[in-house]
Amino acid sequence: MKAFQAYGKPGRVTSEQSPRDAALAYFEKFPASTKCTIVQGETDGNFFTVRYGRASAGEWPNQWKDITKKTAQTLPATPDKPED
């Protein structure tokens, strides 16, 4: 199942909803954190896996770097929307 994981120095949070939900959950769990990175991957309930392929073939996962509490609202709200 497609999922998104937000991570930073204090820890990580995974959401199956959208990149925006992962970022908001991350900042809710770690309110002192100033930024995070979000990567698209897959989850089976227990494990989060990122599959890397050939970037030239479009097999690279979406990733959003240096997300802050303010920029979290600009992330895609649906899981199928590609990276801007």
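Read the figures in this text as sums done on the coordinates, not as results from a lab. What you see is a predicted model; the values in this text were computed from it and never measured. Quick reminder, even Gly has a Cβ in these numbers, built from the backbone with ideal geometry, and neighbours come from all protein chains shown.
Things to note:
- Net charge, PHE48 excluded, C-beta distance under 13 Å - Lys, Arg +1, Asp, Glu -1: 0
- Computed magnitude of the charge dipole of the chain (debye, nearest 20; Cβ of K, R +1, Cβ of D, E -1): 340
- Helix-only [θ]222 nm of the chain, DSSP H runs n ≥ 4, -39500 (n - 2.57) each, per residue, nearest 500: -4000 deg cm²/dmol
- Angle in degrees between helix 19-29 and the longest Cα principal axis of the chain, rounded to the nearest 10: 30
- Using only Cα coordinates, the Kirkwood hydrodynamic radius of region 19-83 works out to 12.8 Å.
- Which listed pairs, of LYS2/LYS35; LYS2/LYS70; LYS2/LYS29; LYS35/LYS65, have C-alpha distances above 19 Å, in listed order: LYS2/LYS35; LYS2/LYS70; LYS2/LYS29
- Counted by Cβ distance under 10 Å from MET1, the other residues give a net charge of -2, where Lys and Arg count +1 and Asp and Glu count -1.
- Surrounding net charge for VAL13, when Lys and Arg each add one and Asp and Glu each subtract one, Cβ distance under 11 Å: 0
- Distance between the 7 Å Cα→Cβ label points at LYS35 and PHE48: 1.9 nm.
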